[in-house]
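Where a number appears in this text, it was derived from the coordinates with a stated rule and is not lab data. Remember, predicted model here, so these are calculated numbers, not experimental data. Positions of Cβ are backbone-derived with ideal geometry, glycine not excepted, and every protein chain shown enters the neighbour counts.
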Amino acid sequence: MDEVALARRMKFAKTWNINPLVAEIVEILLIYGGSAHRNLVAERIAMRRTREHISDGLKREIFEAFDAHCEGAAKAGQPALLFLPFGEGSHRWSLTPEAQSFLEQAPAALPRPAARR
C-alpha cells in the first residue's frame, strides 16, 4: 500500500471511528478530487483488491457501507465524511468539505522505510 494512503488512513481512523470499507471509499474519492459516481468508486475498490471487475456482493457491501456511514453519522449527530451532493436518489458520492479539508492536509509524520543494507 502507498505510504501516503496508509498515513492518511491511520490519520482519519484515529479521528473518526469508521468502517474500513468507508476508509477505502474515502481514499478513492480523494483520487477523483473528492467526488465520483458510486459505480466508479466501487469498480476502483474491486480493482485494487482483486484486479478484476466487481462482484454484485462486493458492490452491495460498498453501497451499504456508504449508506450506513451517512445514516449513522446523522443519527449520532456527528460529522460525516461522505454525502450525496445532489441529494437523495443521486448516485454521485462526495467527501464532505470538512473531511476533504482534513484529509488533504499533509500527514504530520509519515512512517519512514527501514534503511536497506
³J(HN,Hα) across segment 74-90 via Karplus (A = 6.51, B = -1.76, C = 1.60, θ = phi - 60°), whole Hz, x for Gly/Pro? 5, 5, 7, x, 10, x, 9, 8, 10, 7, 9, x, 9, x, 3, x, 7
Simple spin-label model, 7 Å along Cα-to-Cβ: N39 to R92 in nm? 1.6 nm
